[in-house]
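The values are calculated or read from the model by the stated rules, or taken from the named source; none is laboratory data. Quick caveat, the model's predicted, so the values are computed rather than measured. Heads up, the Cβs are rebuilt from the backbone with ideal geometry, glycines too, and the neighbour counts pull from every protein chain shown. Note: accessible area is taken over every heavy atom of the protein model, side chains too, but ligands, DNA and RNA are not part of it. Shrake-Rupley method; radii C 1.70, N 1.55, O 1.52, S 1.80 Å.
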Amino acid sequence: MKLKLTINGELQVCEVHPMKRLLDVLRDDIQLKGAKEGCGKGECGACAVIMNGRLVNSCMVSALRAYGSYITTIEGLGCSVAPDALQTAFVEEGAVQCGFCTPGMILAARALLERKQEPDLEEIKTALSGNLCRCTGYERIFRAINRAVKEGYSKNIVSSSVSVNNECSPELNNEEKNCYYSPRNLEDAVNILSKMESKLIIIAGGTDVFPNAKNDELKLKSVMDISNIPELKNISLEGKYIRIGSCVTNAELMESSLLKGSASLIVQAASKSGAVAVQNMATIGGNIMTASGEADMITALMALDADIRIIGRGQKESIIPLEKFIDGYRSTVLKRDELLKEILIPISSAKNKYEAFYKRGTRRALTFSRVALACCIEKDAEGCVTKARFVAGSMSPVPIRLRDVESMLTGRKVDAQFAEAAARKAGAIVMPRKESAYRKKVTENLVRKFILDSY
(Lines give C-alpha, C1' and ligand atoms only; values in the text may rest on other atoms or scores of the structure.)
Protein backbone atom coordinates (compact mmCIF):
# COMPACT_ATOMS: atom_id res chain seq x y z
CA MET A 1 0.00 0.00 0.00
CA LYS A 2 1.00 3.60 -0.46
CA LEU A 3 1.20 4.94 3.07
CA LYS A 4 0.76 8.65 3.61
CA LEU A 5 1.17 10.19 7.04
CA THR A 6 2.56 13.32 8.60
CA ILE A 7 5.59 12.77 10.83
CA ASN A 8 7.00 15.65 12.88
CA GLY A 9 5.19 18.12 10.63
CA GLU A 10 6.37 16.67 7.30
CA LEU A 11 4.31 14.56 4.90
CA GLN A 12 5.87 11.14 4.36
CA VAL A 13 4.95 8.69 1.60
CA CYS A 14 6.23 5.13 1.33
CA GLU A 15 5.25 1.71 -0.01
CA VAL A 16 4.67 -0.80 2.79
CA HIS A 17 2.66 -3.89 3.68
CA PRO A 18 -0.72 -2.90 5.19
CA MET A 19 0.05 -4.87 8.36
CA LYS A 20 3.58 -3.56 8.80
CA ARG A 21 3.90 -2.09 12.27
CA LEU A 22 4.24 1.68 12.59
CA LEU A 23 7.40 1.02 14.62
CA ASP A 24 9.01 -0.73 11.65
CA VAL A 25 7.80 1.93 9.22
CA LEU A 26 9.45 4.62 11.33
CA ARG A 27 12.73 2.75 11.69
CA ASP A 28 13.05 1.02 8.30
CA ASP A 29 11.25 3.27 5.84
CA ILE A 30 11.48 6.74 7.39
CA GLN A 31 14.85 6.13 9.06
CA LEU A 32 13.79 7.56 12.42
CA LYS A 33 15.49 5.38 15.03
CA GLY A 34 14.24 7.03 18.23
CA ALA A 35 11.41 4.56 18.79
CA LYS A 36 12.92 1.23 19.89
CA GLU A 37 11.89 -2.42 19.66
CA GLY A 38 11.54 -3.60 23.25
CA CYS A 39 8.97 -6.20 24.24
CA GLY A 40 6.86 -5.95 21.07
CA LYS A 41 3.78 -6.49 23.23
CA GLY A 42 2.93 -2.97 24.35
CA GLU A 43 4.35 -3.51 27.83
CA CYS A 44 7.62 -1.55 27.90
CA GLY A 45 6.87 1.77 26.17
CA ALA A 46 10.22 1.92 24.35
CA CYS A 47 8.39 2.36 21.04
CA ALA A 48 5.95 5.04 22.26
CA VAL A 49 5.03 7.90 19.94
CA ILE A 50 2.25 10.47 19.91
CA MET A 51 -0.36 9.75 17.22
CA ASN A 52 -3.13 12.27 16.60
CA GLY A 53 -2.53 13.79 20.02
CA ARG A 54 -2.53 10.49 21.95
CA LEU A 55 0.36 8.45 23.29
CA VAL A 56 0.44 5.01 21.61
CA ASN A 57 2.81 2.06 21.38
CA SER A 58 3.93 2.00 17.75
CA CYS A 59 4.52 -1.76 17.91
CA MET A 60 0.72 -2.17 18.11
CA VAL A 61 -0.31 0.11 15.23
CA SER A 62 -0.51 -1.13 11.64
CA ALA A 63 0.30 0.94 8.58
CA LEU A 64 -3.35 0.49 7.60
CA ARG A 65 -4.42 2.11 10.88
CA ALA A 66 -1.75 4.83 10.76
CA TYR A 67 -2.75 6.03 7.28
CA GLY A 68 -3.42 9.79 7.30
CA SER A 69 -2.30 10.21 10.90
CA TYR A 70 -0.15 12.87 12.50
CA ILE A 71 2.81 11.36 14.31
CA THR A 72 5.26 12.97 16.73
CA THR A 73 8.46 11.05 17.50
CA ILE A 74 11.34 11.96 19.80
CA GLU A 75 13.12 13.48 16.78
CA GLY A 76 10.25 15.94 16.44
CA LEU A 77 10.89 17.45 19.88
CA GLY A 78 14.54 18.38 19.45
CA CYS A 79 18.06 17.23 18.61
CA SER A 80 21.48 17.31 20.28
CA VAL A 81 22.16 20.75 18.80
CA ALA A 82 18.77 22.23 19.76
CA PRO A 83 17.16 20.02 22.42
CA ASP A 84 13.64 20.49 23.66
CA ALA A 85 13.38 21.85 27.22
CA LEU A 86 11.94 18.54 28.42
CA GLN A 87 14.89 16.67 26.93
CA THR A 88 17.24 19.13 28.64
CA ALA A 89 15.54 18.53 31.99
CA PHE A 90 16.04 14.77 31.60
CA VAL A 91 19.76 15.26 30.92
CA GLU A 92 20.40 17.77 33.69
CA GLU A 93 18.55 15.69 36.30
CA GLY A 94 20.49 12.56 35.35
CA ALA A 95 17.35 10.84 34.11
CA VAL A 96 19.22 9.27 31.19
CA GLN A 97 21.52 6.26 31.39
CA CYS A 98 21.60 3.81 28.47
CA GLY A 99 18.95 5.87 26.67
CA PHE A 100 17.10 2.89 25.19
CA CYS A 101 13.83 3.61 27.00
CA THR A 102 14.31 7.36 27.29
CA PRO A 103 12.52 8.42 24.05
CA GLY A 104 9.34 6.65 25.18
CA MET A 105 9.63 8.15 28.65
CA ILE A 106 10.00 11.67 27.27
CA LEU A 107 7.09 11.29 24.87
CA ALA A 108 4.89 9.87 27.67
CA ALA A 109 5.81 12.92 29.76
CA ARG A 110 5.14 15.22 26.81
CA ALA A 111 1.70 13.67 26.24
CA LEU A 112 0.88 14.16 29.92
CA LEU A 113 2.00 17.80 29.97
CA GLU A 114 -0.05 18.58 26.88
CA ARG A 115 -3.17 17.60 28.85
CA LYS A 116 -2.17 18.64 32.36
CA GLN A 117 0.01 21.71 32.92
CA GLU A 118 0.86 21.00 36.55
CA PRO A 119 0.47 17.28 37.29
CA ASP A 120 1.06 15.95 40.79
CA LEU A 121 3.40 13.05 41.52
CA GLU A 122 0.67 10.44 41.35
CA GLU A 123 -0.44 11.69 37.93
CA ILE A 124 3.15 11.56 36.70
CA LYS A 125 3.51 7.98 37.96
CA THR A 126 0.29 6.98 36.23
CA ALA A 127 1.39 8.60 32.96
CA LEU A 128 4.67 6.65 33.03
CA SER A 129 3.25 3.36 34.29
CA GLY A 130 3.56 1.80 30.84
CA ASN A 131 7.21 2.78 30.41
CA LEU A 132 9.89 0.53 31.88
CA CYS A 133 13.39 1.65 32.87
CA ARG A 134 15.87 -0.70 34.51
CA CYS A 135 19.02 1.42 34.73
CA THR A 136 18.16 5.05 35.45
CA GLY A 137 15.77 4.84 38.39
CA TYR A 138 12.38 6.47 38.33
CA GLU A 139 13.01 9.17 40.94
CA ARG A 140 15.36 11.03 38.61
CA ILE A 141 12.76 10.78 35.84
CA PHE A 142 10.06 12.17 38.12
CA ARG A 143 12.38 15.01 39.11
CA ALA A 144 13.08 15.82 35.46
CA ILE A 145 9.38 16.16 34.70
CA ASN A 146 8.78 18.29 37.79
CA ARG A 147 11.70 20.48 36.80
CA ALA A 148 10.26 21.05 33.33
CA VAL A 149 6.90 21.95 34.89
CA LYS A 150 8.47 24.44 37.32
CA GLU A 151 10.36 26.05 34.44
CA GLY A 152 7.06 26.66 32.61
CA TYR A 153 7.43 23.97 29.96
CA SER A 154 3.72 23.10 29.86
CA LYS A 155 2.68 26.68 29.18
CA ASN A 156 4.75 26.82 25.99
CA ILE A 157 3.65 23.51 24.47
CA VAL A 158 2.09 23.57 21.02
CA SER A 159 -0.48 20.79 21.24
CA SER A 160 -0.06 17.79 18.95
CA SER A 161 -3.83 17.18 18.96
CA VAL A 162 -5.20 17.51 15.45
CA SER A 163 -8.44 17.01 13.60
CA VAL A 164 -7.83 13.98 11.39
CA ASN A 165 -9.80 13.43 8.20
CA ASN A 166 -10.93 9.81 8.45
CA GLU A 167 -12.90 9.91 5.20
CA CYS A 168 -9.81 9.36 3.05
CA SER A 169 -9.24 5.63 2.57
CA PRO A 170 -5.80 3.98 2.36
CA GLU A 171 -4.34 3.47 -1.11
CA LEU A 172 -4.11 -0.31 -1.61
CA ASN A 173 -2.92 -2.17 -4.68
CA ASN A 174 -5.23 -4.59 -6.48
CA GLU A 175 -4.00 -7.65 -4.60
CA GLU A 176 -4.27 -5.95 -1.21
CA LYS A 177 -7.79 -4.74 -1.90
CA ASN A 178 -9.02 -8.33 -1.70
CA CYS A 179 -7.35 -8.95 1.68
CA TYR A 180 -7.30 -5.71 3.65
CA TYR A 181 -10.20 -3.37 4.36
CA SER A 182 -10.58 -0.08 6.19
CA PRO A 183 -14.26 0.93 5.88
CA ARG A 184 -15.27 4.47 6.80
CA ASN A 185 -18.90 3.68 7.65
CA LEU A 186 -20.89 0.87 9.25
CA GLU A 187 -22.84 -0.05 6.13
CA ASP A 188 -19.64 -0.73 4.17
CA ALA A 189 -18.23 -2.82 7.02
CA VAL A 190 -21.31 -5.05 7.16
CA ASN A 191 -21.37 -5.40 3.37
CA ILE A 192 -17.72 -6.50 3.36
CA LEU A 193 -18.45 -9.13 6.00
CA SER A 194 -21.49 -10.45 4.15
CA LYS A 195 -19.48 -10.96 0.95
CA MET A 196 -16.54 -12.78 2.53
CA GLU A 197 -16.35 -16.53 2.03
CA SER A 198 -13.73 -17.00 4.75
CA LYS A 199 -13.45 -15.38 8.15
CA LEU A 200 -11.93 -11.90 8.44
CA ILE A 201 -9.75 -10.86 11.35
CA ILE A 202 -11.40 -7.72 12.70
CA ILE A 203 -9.11 -5.16 14.34
CA ALA A 204 -10.15 -2.13 16.33
CA GLY A 205 -7.42 -1.21 18.84
CA GLY A 206 -5.10 -4.08 17.98
CA THR A 207 -3.78 -4.41 21.53
CA ASP A 208 -4.62 -8.13 21.61
CA VAL A 209 -3.95 -8.92 17.95
CA PHE A 210 -0.48 -7.48 17.38
CA PRO A 211 1.33 -9.11 20.32
CA ASN A 212 0.15 -12.46 18.95
CA ALA A 213 1.42 -11.62 15.46
CA LYS A 214 4.63 -9.97 16.61
CA ASN A 215 7.07 -9.23 13.77
CA ASP A 216 5.05 -11.22 11.24
CA GLU A 217 2.42 -9.28 9.32
CA LEU A 218 1.88 -12.32 7.10
CA LYS A 219 -0.05 -13.95 9.95
CA LEU A 220 -2.66 -11.26 9.38
CA LYS A 221 -3.60 -12.25 5.83
CA SER A 222 -7.23 -11.13 5.80
CA VAL A 223 -8.04 -8.11 7.95
CA MET A 224 -10.70 -5.44 8.37
CA ASP A 225 -9.77 -2.42 10.49
CA ILE A 226 -12.96 -0.85 11.88
CA SER A 227 -11.30 1.86 13.98
CA ASN A 228 -12.36 4.67 11.63
CA ILE A 229 -16.11 4.02 11.67
CA PRO A 230 -17.81 7.00 13.40
CA GLU A 231 -20.98 5.03 14.25
CA LEU A 232 -18.91 2.74 16.47
CA LYS A 233 -17.21 5.51 18.45
CA ASN A 234 -20.10 7.20 20.28
CA ILE A 235 -21.21 7.25 23.90
CA SER A 236 -24.79 8.45 24.25
CA LEU A 237 -27.95 8.27 26.32
CA GLU A 238 -31.03 6.79 24.67
CA GLY A 239 -34.13 6.30 26.80
CA LYS A 240 -33.23 4.08 29.74
CA TYR A 241 -29.93 2.91 28.23
CA ILE A 242 -26.40 4.18 27.84
CA ARG A 243 -25.09 3.24 24.41
CA ILE A 244 -21.36 2.63 23.98
CA GLY A 245 -20.00 2.00 20.50
CA SER A 246 -17.78 -1.05 20.19
CA CYS A 247 -14.77 1.04 19.07
CA VAL A 248 -14.82 3.42 22.03
CA THR A 249 -11.41 3.26 23.70
CA ASN A 250 -10.66 2.81 27.37
CA ALA A 251 -9.36 6.39 27.48
CA GLU A 252 -12.64 7.68 26.06
CA LEU A 253 -14.59 5.64 28.61
CA MET A 254 -12.53 7.20 31.39
CA GLU A 255 -13.14 10.71 30.06
CA SER A 256 -16.92 10.34 29.62
CA SER A 257 -18.92 12.54 32.00
CA LEU A 258 -22.02 10.43 31.24
CA LEU A 259 -20.30 7.24 32.41
CA LYS A 260 -18.74 8.94 35.43
CA GLY A 261 -22.21 9.94 36.58
CA SER A 262 -24.27 6.88 35.65
CA ALA A 263 -21.92 3.89 35.25
CA SER A 264 -18.76 4.60 37.22
CA LEU A 265 -17.98 0.88 37.34
CA ILE A 266 -17.00 1.06 33.65
CA VAL A 267 -14.72 4.03 34.30
CA GLN A 268 -13.03 2.20 37.18
CA ALA A 269 -12.47 -0.94 35.10
CA ALA A 270 -11.11 1.03 32.13
CA SER A 271 -8.66 2.91 34.37
CA LYS A 272 -7.24 -0.39 35.66
CA SER A 273 -6.99 -2.06 32.26
CA GLY A 274 -3.57 -1.22 30.82
CA ALA A 275 -1.39 1.88 31.01
CA VAL A 276 -1.99 5.13 29.13
CA ALA A 277 -0.68 4.08 25.69
CA VAL A 278 -2.78 0.92 25.82
CA GLN A 279 -5.88 2.73 27.12
CA ASN A 280 -5.61 5.11 24.16
CA MET A 281 -5.94 2.19 21.72
CA ALA A 282 -7.78 -0.68 23.43
CA THR A 283 -11.53 -0.76 22.73
CA ILE A 284 -14.43 -2.00 24.80
CA GLY A 285 -15.67 -4.14 21.91
CA GLY A 286 -12.27 -5.72 21.43
CA ASN A 287 -12.09 -6.66 25.10
CA ILE A 288 -15.52 -8.30 24.88
CA MET A 289 -14.57 -10.23 21.74
CA THR A 290 -11.60 -11.80 23.52
CA ALA A 291 -14.25 -13.69 25.53
CA SER A 292 -11.64 -14.38 28.19
CA GLY A 293 -12.04 -14.82 31.91
CA GLU A 294 -9.31 -12.19 32.31
CA ALA A 295 -11.22 -9.53 30.35
CA ASP A 296 -11.74 -6.63 32.75
CA MET A 297 -14.51 -4.92 30.78
CA ILE A 298 -16.59 -8.10 30.52
CA THR A 299 -16.40 -8.51 34.30
CA ALA A 300 -17.61 -4.94 34.87
CA LEU A 301 -20.30 -5.03 32.18
CA MET A 302 -21.80 -8.27 33.52
CA ALA A 303 -22.24 -6.57 36.89
CA LEU A 304 -24.25 -3.85 35.13
CA ASP A 305 -26.53 -6.33 33.30
CA ALA A 306 -25.25 -5.10 29.93
CA ASP A 307 -26.69 -6.18 26.58
CA ILE A 308 -24.92 -6.48 23.23
CA ARG A 309 -26.34 -5.08 19.99
CA ILE A 310 -25.27 -7.03 16.91
CA ILE A 311 -25.58 -5.91 13.30
CA GLY A 312 -25.44 -8.29 10.37
CA ARG A 313 -26.39 -8.94 6.77
CA GLY A 314 -28.92 -6.44 5.41
CA GLN A 315 -28.26 -4.14 8.39
CA LYS A 316 -30.41 -6.44 10.53
CA GLU A 317 -29.88 -5.84 14.24
CA SER A 318 -30.46 -7.97 17.32
CA ILE A 319 -29.88 -7.58 21.06
CA ILE A 320 -28.59 -10.30 23.35
CA PRO A 321 -27.54 -10.26 27.04
CA LEU A 322 -23.77 -10.19 27.50
CA GLU A 323 -23.90 -13.37 29.59
CA LYS A 324 -25.43 -15.24 26.64
CA PHE A 325 -23.25 -13.52 24.04
CA ILE A 326 -20.15 -15.19 25.49
CA ASP A 327 -20.75 -18.92 25.26
CA GLY A 328 -17.33 -20.24 26.32
CA TYR A 329 -13.64 -19.51 26.61
CA ARG A 330 -12.58 -17.36 23.62
CA SER A 331 -15.98 -18.04 22.06
CA THR A 332 -19.04 -15.90 21.32
CA VAL A 333 -22.32 -16.43 19.48
CA LEU A 334 -21.33 -13.84 16.87
CA LYS A 335 -21.63 -15.23 13.33
CA ARG A 336 -19.04 -14.75 10.60
CA ASP A 337 -21.09 -12.07 8.84
CA GLU A 338 -22.03 -10.14 12.00
CA LEU A 339 -20.40 -7.27 13.86
CA LEU A 340 -20.58 -6.16 17.47
CA LYS A 341 -22.14 -2.72 17.10
CA GLU A 342 -22.59 -1.40 20.62
CA ILE A 343 -23.08 -2.16 24.29
CA LEU A 344 -26.28 -1.19 26.08
CA ILE A 345 -26.20 -0.47 29.82
CA PRO A 346 -29.52 -0.01 31.64
CA ILE A 347 -29.62 3.12 33.81
CA SER A 348 -30.64 2.58 37.40
CA SER A 349 -33.05 4.98 39.08
CA ALA A 350 -31.77 4.00 42.54
CA LYS A 351 -30.49 6.93 44.60
CA ASN A 352 -28.37 4.72 46.83
CA LYS A 353 -26.05 2.90 44.47
CA TYR A 354 -22.55 1.61 45.20
CA GLU A 355 -20.11 0.32 42.58
CA ALA A 356 -16.52 -0.85 42.73
CA PHE A 357 -14.07 -2.68 40.48
CA TYR A 358 -11.11 -4.42 42.10
CA LYS A 359 -8.12 -5.92 40.36
CA ARG A 360 -5.17 -7.72 41.85
CA GLY A 361 -2.13 -8.68 39.78
CA THR A 362 1.65 -8.70 39.84
CA ARG A 363 1.91 -5.01 38.81
CA ARG A 364 -0.25 -1.92 39.13
CA ALA A 365 -0.45 -1.39 35.38
CA LEU A 366 -0.38 -3.52 32.26
CA THR A 367 -1.02 -6.72 34.14
CA PHE A 368 -3.47 -9.53 33.70
CA SER A 369 -5.66 -9.91 36.74
CA ARG A 370 -4.96 -12.73 39.13
CA VAL A 371 -8.25 -11.74 40.76
CA ALA A 372 -10.86 -9.31 39.42
CA LEU A 373 -14.15 -8.44 41.08
CA ALA A 374 -16.95 -6.14 39.93
CA CYS A 375 -19.52 -5.21 42.57
CA CYS A 376 -22.78 -3.29 42.46
CA ILE A 377 -25.37 -2.81 45.20
CA GLU A 378 -28.54 -0.73 45.21
CA LYS A 379 -30.44 0.12 48.40
CA ASP A 380 -33.82 1.63 49.22
CA ALA A 381 -34.43 4.54 51.58
CA GLU A 382 -34.47 2.18 54.59
CA GLY A 383 -31.09 0.70 53.69
CA CYS A 384 -32.35 -2.65 52.41
CA VAL A 385 -30.54 -4.10 49.41
CA THR A 386 -32.87 -4.07 46.40
CA LYS A 387 -30.33 -5.32 43.87
CA ALA A 388 -26.89 -6.92 44.10
CA ARG A 389 -24.41 -7.94 41.43
CA PHE A 390 -21.05 -9.58 42.05
CA VAL A 391 -18.93 -10.85 39.14
CA ALA A 392 -15.57 -12.57 39.53
CA GLY A 393 -13.00 -12.58 36.73
CA SER A 394 -9.65 -14.29 36.05
CA MET A 395 -10.53 -17.47 37.94
CA SER A 396 -12.56 -19.37 35.35
CA PRO A 397 -12.76 -19.61 31.53
CA VAL A 398 -15.21 -16.68 31.52
CA PRO A 399 -16.22 -14.23 34.28
CA ILE A 400 -18.91 -15.67 36.56
CA ARG A 401 -21.78 -14.19 38.55
CA LEU A 402 -21.70 -14.94 42.28
CA ARG A 403 -25.43 -15.51 42.37
CA ASP A 404 -25.55 -17.09 45.81
CA VAL A 405 -23.91 -14.00 47.28
CA GLU A 406 -26.38 -11.79 45.44
CA SER A 407 -29.31 -13.80 46.82
CA MET A 408 -27.96 -13.59 50.37
CA LEU A 409 -27.87 -9.79 50.24
CA THR A 410 -31.07 -8.97 48.34
CA GLY A 411 -33.92 -7.81 50.56
CA ARG A 412 -31.76 -7.42 53.67
CA LYS A 413 -30.03 -4.72 55.66
CA VAL A 414 -26.39 -5.58 55.63
CA ASP A 415 -24.18 -5.38 58.70
CA ALA A 416 -20.62 -6.46 59.50
CA GLN A 417 -21.68 -9.97 60.50
CA PHE A 418 -23.58 -10.43 57.27
CA ALA A 419 -20.62 -9.10 55.29
CA GLU A 420 -18.47 -11.85 56.79
CA ALA A 421 -20.96 -14.55 55.80
CA ALA A 422 -21.20 -13.17 52.25
CA ALA A 423 -17.40 -13.09 51.97
CA ARG A 424 -17.10 -16.74 52.99
CA LYS A 425 -19.82 -17.67 50.51
CA ALA A 426 -17.93 -15.87 47.71
CA GLY A 427 -14.75 -17.75 48.56
CA ALA A 428 -16.61 -21.02 48.39
CA ILE A 429 -18.17 -20.25 44.98
CA VAL A 430 -15.07 -19.31 43.01
CA MET A 431 -13.06 -22.27 41.73
CA PRO A 432 -9.70 -20.93 40.52
CA ARG A 433 -7.66 -23.17 38.24
CA LYS A 434 -4.38 -22.06 39.83
CA GLU A 435 -3.36 -20.51 43.15
CA SER A 436 -6.70 -21.62 44.51
CA ALA A 437 -6.20 -20.79 48.19
CA TYR A 438 -4.75 -17.34 47.44
CA ARG A 439 -7.44 -16.36 44.96
CA LYS A 440 -10.27 -17.59 47.16
CA LYS A 441 -8.91 -15.59 50.09
CA VAL A 442 -8.48 -12.43 48.04
CA THR A 443 -12.04 -12.79 46.70
CA GLU A 444 -13.34 -13.09 50.26
CA ASN A 445 -11.41 -10.01 51.33
CA LEU A 446 -12.65 -7.92 48.41
CA VAL A 447 -16.30 -8.90 48.87
CA ARG A 448 -16.04 -8.09 52.57
CA LYS A 449 -14.37 -4.76 51.85
CA PHE A 450 -17.00 -3.72 49.33
CA ILE A 451 -19.96 -4.59 51.57
CA LEU A 452 -18.47 -2.84 54.58
CA ASP A 453 -17.58 0.25 52.48
CA SER A 454 -21.20 0.44 51.26
CA TYR A 455 -22.65 -0.26 54.74
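A count restricted to region 175-199 and to residues that are assigned to a helix (DSSP H, G or I), open to solvent by less than 70 Å² (accessible area, probe 1.4 Å) and closer than 14 Å to SER222 by Cβ stands at 3.
Among the residues of region 394-415, those that are in a helix (DSSP H, G or I) and either touching a residue at least 40 places away in the same chain (Cβ under 8 Å) or open to solvent by less than 60 Å² (accessible area, probe 1.4 Å) (or both) comprise VAL405, GLU406, MET408, LEU409.
With respect to being assigned to a loop (DSSP other than H, G, I, E, B) and crowded, with 24+ Cβ neighbours inside 10 Å, ALA82 falls outside the description.
Regarding region 320-329, can at least one residue be identified that is in contact with a strand residue (DSSP E or B) (Cβ under 6 Å, 6 or more places away or on another chain), basic (Lys, Arg) and open to solvent by 60 Å² or more (accessible area, probe 1.4 Å)? Looking through region 320-329, none of the residues is in contact with a strand residue (DSSP E or B) (Cβ under 6 Å, 6 or more places away or on another chain), basic (Lys, Arg) and open to solvent by 60 Å² or more (accessible area, probe 1.4 Å).
Would you check which residues across region 174-212 are of a type in the set (Phe, Trp, Tyr) and within 21 Å of ILE310 (Cα to Cα) and list them?
Start the filter on region 174-212 by keeping residues that are of a type in the set (Phe, Trp, Tyr), which leaves 180-181, 210.
If the condition is that a residue be of a type in the set (Phe, Trp, Tyr) and within 21 Å of ILE310 (Cα to Cα), then TYR181 is the only one that fits.
Against the numbered list (1) at pLDDT below 95; (2) among the basic types (Lys, Arg); (3) touching a Cys at 6+ places or on another chain (Cβ under 8 Å), ARG336 comes up short only at (3). Looking across region 40-87, just one residue is of a type in the set (Lys, Arg), more than 13 Å from LEU22 (Cα to Cα) and at pLDDT 95 or above, and that is ARG54.
Taken across region 119-126, residues that are more than 30 Å from LYS2 (Cα to Cα), touching a residue at least 24 places away in the same chain (Cβ under 8 Å) and assigned to a loop (DSSP other than H, G, I, E, B) do occur, with at least one present.
Return yes or no: is GLU294 open to solvent by 40 Å² or more (accessible area, probe 1.4 Å) and at pLDDT 95 or above? Against the criterion (open to solvent by 40 Å² or more (accessible area, probe 1.4 Å) and at pLDDT 95 or above), GLU294 does not qualify. So which residues in region 95-125 are open to solvent by 50 Å² or more (accessible area, probe 1.4 Å) and over 21 Å from CYS59 (Cβ atoms), if there are any at all? Hits for region 95-125 are VAL96, GLN97, ARG115, LYS116, GLN117, GLU118, ASP120, LEU121, GLU122, GLU123, LYS125. For region 228-244, residues that are touching a helix residue (DSSP H, G or I) at 6+ places or on another chain (Cβ under 6 Å) and of a type outside the set (A, V, I, L, M) total 1. Here GLY361 passes the criteria (1) surrounded by 16 or more Cβ atoms within 10 Å (Cβ to Cβ); (2) in contact with a strand residue (DSSP E or B) (Cβ under 7 Å, 6 or more places away or on another chain); (3) modelled with pLDDT under 95 except the one numbered (2).
Could you pull out the residue among GLU252, GLU238 that is outside the structural domain of ARG360 (by TED's automatic domain parsing) and either crowded, with 18+ Cβ neighbours inside 10 Å or within 25 Å of PHE368 (Cβ to Cβ) (or both)?
Numbers: GLU238 fails: either crowded, with 18+ Cβ neighbours inside 10 Å or within 25 Å of PHE368 (Cβ to Cβ) (or both).
Step by step, each of GLU252, GLU238 is checked, and only GLU252 is outside the structural domain of ARG360 (by TED's automatic domain parsing) and either crowded, with 18+ Cβ neighbours inside 10 Å or within 25 Å of PHE368 (Cβ to Cβ) (or both).
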